[in-house]
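Chemist: One structure coming up, written as structure tokens, with questions to follow.
The numbers here are math on the coordinates, done by the rules we state, and not lab data. All values derive from a computational prediction rather than experimental measurement. Backbone-built Cβ (ideal geometry, glycine too); neighbour counts: all protein chains shown.
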Amino acid sequence: MKAVDSPDFRVGVVGAGAMGQGIAQVSLTGGMPVVLFDAQEGGAAAGAEKVFGRLDRMVEKGRLAEADVGPTKARLAVAESLEAFADCDVVIEAVFEDLEVKRSLFQQLEAIVRPDCLIATNTSSLPIASIARVCERRDRIAGMHFFNPVPVMKLVEIISGPETNAEAAAILSALGKRMGRVPVEVKDSPGFLVNLGGRAFTTEGLRIQQEGVAAPAQIDAVCRDCGHFRMGPFELMDLTGIDVNYPVSQIVCAEFQHDPRLRTTPHHKLLYEAGRFGRKTAAGHYRYDGSGNMVDPPSPDHEPDAAPAAQMVVAEVNEALVALLSEAGVSILAADDGTAPIVAAPLGEDSTTFAARTDADHRRLVCIDTTADTSKRITVMTAPGADPASRDAVAAALVGTGRKVTAIQDSPGFIAQRIRAMIANLGCEIAQMGLAAPKDIDLALQLGLNYPLGPLEIAEDLGVKETLSIMQHLQAITGDDRYRPSLWLRRRALLGLPIHTAG
Ligand SMILES: NC(=O)c1ccc[n+]([C@@H]2O[C@H](COP(=O)([O-])OP(=O)(O)OC[C@H]3O[C@@H](n4cnc5c(N)ncnc54)[C@H](O)[C@@H]3O)[C@@H](O)[C@H]2O)c1
């Protein structure tokens, strides 16, 4: 087999649609000759024209030297038939997402390509094993899962089926690097890495909504301002399209034998059934105008209807909480005077559980989430039967520091705590299943989903013991195994080990 860095390492691309064009483009800019084929007459030539147009735009933007554009384009050959792949070192398939179409294509390719040619599929959901099953030489078949748009999205998942040999995966990783991508090696598993790891963010947002804790606009604002996510789960679902993310949720959950960790909610399905797919249909979780701008998005900010409280009782000492109160100019009472608001910063407990455990008066208890960034927005939470005047007196004091306040109903883990802990827990489970190396799980979710931190890094950020505690409280309070802690998390928390510790 030719070395991946040799100038004439030849890449074949089957399917000249959105993904095939992108794969061809990054192969060309990686300096490799490319053969492009499409079953539709004129499809490959049309795809090549689109690639050429994008290369020209790269020159305009200074991303490709003018002198290089001609030779780069000249490396692309449009093929009339699959026979043109006979001399390729690797063939990457990016045709319709249909198992039978892919299987038949792989069988045809096997009869044409050299014995040392690797064949990769860009499937987003089909098991590599199902495609390889019909092939003679399954050791050279793997997944090479790019993200859309390919030239922009740096990540490529290199997926090994049960029979893919390690050398093939290593060659495809090197090829990914030559294409300017960041390869991450993953085992064949439903949703691979990104589409599995990404389930926690959206489904936990939906679950919080289902429990009546908060509305989508509140959950989104907390995720952005406190969790540093570029978008909240509801905005994200509306952008990617509920026609895409609802079926993916269903498939991944079913493939994992209906693991409750991966369950979505009936409301998600309802939007799907109603054809409210998000931006593309002008309605989803939010409403949009013709240009895709949100129409009258509800405010996530709480407007307190009380004067700021000058005195408060701190139910359980917490450094971050005390610092916040001091910034707000609040004096902390040494003992409960029976009238001042009582504040607390529970970890994984809802206000009800906290009040019951500490004997704090639940009517005056206002819980504050201090686990994520509180510099822009603060989440306050109260138990059923709480006195709105106490909550608003606390909220007013916090608003007085220049921060926004989001007021929510009782929830184990507020919003940011539980969403972040769920992402961390699922990342830990992926590590426990050995689907990818711990560092690669972080890398893949940051690059593939724009997460501010990878799932295991989120566990470190929250604290490994604290993440376990949040999960344990969530499980105990809700009685739902959706929240059962991953063994990976539990063992590292109990032993006081860093979350990335292998083994
Ligand atoms: N679009 C995405 O966001 C995305 C992301 C990751 C992976 N994928 C996967 O990549 C693959 C391609 O997706 P796409 O969005 O580029 O689709 P697309 O519909 O834009 O393009 C598919 C192309 O394949 C051609 N084709 C179909 N059957 C063929 C065959 N037997 N031989 C040769 N060409 C054939 C079609 O004519 C079409 O041009 C799918 O498996 C998809 O699941 C898509």
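Chemist: Apply 1/(1 + (r/R0)^6) to the Cβ-Cβ distance of E136 and T358, taking R0 = 45 Å, and write down the FRET efficiency to the nearest 0.05.
Modeler: Details: r = 67 Å, r/R0 = 1.50.
The pair E136/T358 has a calculated efficiency of 0.10.
Chemist: Karplus couplings for the stretch 203-214 from phi (6.51 cos²θ - 1.76 cosθ + 1.60, θ = phi - 60°), rounded to Hz, Gly and Pro as x?
Modeler: Listing the rounded values in order: 5, 6, x, 5, 5, 4, 5, 4, 6, x, 6, 7 Hz.
Chemist: How far, in nm, would the chain grow between L99 and D289 when pulled straight, counting 0.36 nm per residue and subtracting the alpha carbon separation?
Modeler: On the way: separation 190, 0.36 × 190 = 68.40 nm, distance 3.73 nm.
Fully extending the segment from L99 to D289 adds 64.7 nm.
Chemist: Further question on the same structure: Enumerate the amide H contacts of V313 below 5 Å, restricted to partners 5 or more residues apart or on another chain; note that Pro and chain-start residues carry no placed amide H.
Modeler: Under 5 Å from the amide H of V313: L333, I342, V343.
Chemist: Let me ask something else about it. Once every DSSP H run of n ≥ 4 in the chain is given -39500 (n - 2.57) and the sum is divided by its residues, what mean residue ellipticity at 222 nm do you get, rounded to the nearest 500 deg cm²/dmol?
Modeler: On the way: 20 runs with 217 residues, N = 503.
For the chain, the value works out to -13000 deg cm²/dmol.
Chemist: Could you calculate the contour length gain from D56 to D481, that is, 0.36 nm times the residue separation minus the distance between their Cα atoms, to one decimal place in nm?
Modeler: On the way: separation 425, 0.36 × 425 = 153.00 nm, distance 5.33 nm.
Once the chain is fully extended between D56 and D481, it gains 147.7 nm.
Chemist: Label point 7 Å out from K376 along Cα-to-Cβ: which residues of the stretch 390-411 have amide N under 15 Å?
Modeler: Once the point is set 7 Å along Cα→Cβ of K376, 402-406 turn out to lie under 15 Å by backbone N, inside the stretch 390-411.
Chemist: I'd like to compare 262-268, 31-37, 136-142: which one has the highest average count of other Cβ atoms within 10 Å, and what's the full order after that? Don't skip to the end; give the middle numbers.
Modeler: Numbers: 262-268: 18.1, 31-37: 22.7, 136-142: 20.3.
Top to bottom by mean Cβ count within 10 Å: 31-37, 136-142, 262-268.
Chemist: So, one more: At 7 Å along the Cα-to-beta-carbon direction for both T281 and D116, put a label point, then send me their distance in nm to one decimal.
Modeler: Result for the modelled spin labels: 5.2 nm.
Chemist: Hey, another quick one. Using a ≥ b ≥ c from the Cα gyration tensor of the stretch 311-408 (square roots of the eigenvalues), is it rounded, prolate or oblate, where a/c under 1.5 gives rounded and otherwise the larger of a/b and b/c decides, a/b for prolate?
Modeler: Working: a/c = 1.40, a/b = 1.24, b/c = 1.12.
Note, shape of the stretch 311-408 comes out rounded.
Chemist: To continue, here is another question. Which FRET efficiency, nearest 0.05, do D387 and V317 yield, Cβ-Cβ r, R0 25 Å? Numbers along the way, then the final one.
Modeler: Details: r = 23 Å, r/R0 = 0.93.
So, using R0 = 25 Å, E works out to roughly 0.60.
Chemist: Through the Karplus equation 6.51 cos²θ - 1.76 cosθ + 1.60, θ set to phi - 60°, convert the phi angles of the stretch 430-441 into ³J(HN,Hα) values in whole Hz; use x for Gly and Pro.
Modeler: So the Karplus estimates, Gly and Pro as x, are 5, 5, 4, 6, x, 6, 7, 5, x, 5, 6, 5 Hz.
Chemist: Past 19 Å, Cα to Cα: identify those pairs from K2/K102; K154/K177; K376/K439, in the order given. Show your work: numbers first, answer last.
Modeler: Values: K2/K102 26 Å; K154/K177 10 Å; K376/K439 30 Å.
The pairs that break the limit, which is 19 Å between Cα atoms, are K2/K102; K376/K439.
Chemist: To continue, here is another question. Give the separation of the Cα centroids, the stretch 458-503 to the stretch 75-117, in Å.
Modeler: Using only Cα atoms, the two centres lie 45 Å from each other.
Chemist: To the nearest 10 degrees, how steeply does helix 18-29 sit against the main Cα axis of the chain, on a 0 to 90 scale?
Modeler: That helix lies at roughly 70 degrees to the long axis.
Chemist: May I pose another question? What ranking, highest mean first, results for peptides 243-255, 452-464 when packing means the other Cβ atoms within 10 Å averaged over each residue? List each step's numbers first, then the result.
Modeler: On the way: 243-255: 18.1, 452-464: 22.2.
Result, highest mean first: 452-464, 243-255.
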